[in-house]
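What follows is calculated from the coordinates using simple rules that are stated; it is not laboratory data. The structure displayed is predicted, hence computed values, not measured ones. Positions of Cβ are generated from backbone atoms using ideal geometry, with glycine treated the same way; all protein chains shown enter the neighbour counts.
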Amino acid sequence: MPLGGLGPLLMQPGASARSVLGAQLVAGLLAAAAAGMVGGVRMAASAGYGALLMALLGLQLARRVAGVPPERIGRARGVLIAAGRFVSVFALLALGHAVGLWLPGVAGGMAAAQAALFFAGFRLMAGESARMAGGTGRSAACAGNKEREIPS
């Protein structure tokens, strides 16, 4: 997905945005709890910070592109948004390191939040596909196709 993947998911109506953000925060809490059991408080704080960092950057991205059709964003604006996100990630990683967080733990929290985004996106797309297919449980691509009988 363009622009880091979050824009199209979080641009959907409020419930979808909350579910994606909620999934990322829950994944971050689980990652922080697991990291805390393995590596202590510093590791838990690092993983929690990483997940929170990804969730907040995703929210920031969604607000920048909210309501703007993808064809109107344009290449130049897309590059500027991506560059801003890139610089923000490095600045926030430097801040985390400066306050004593362990960067591999931060990366683990970031990975957990991204995995949650990935799976929440699948769930949202499956729901949208089922809605477009008329609630039949079949994908929208198959909704118009009639099953053919195979002659025996």
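Values as computed for the structure displayed
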quantity	calculated
Inter-site label distance for Ser129 and Val68 at 7 Å from Cα along Cβ, in nm	3.0
Contour excess over end-to-end distance, with Cα ends at Ala94 and Arg77 and 0.36 nm allotted per residue	3.6 nm
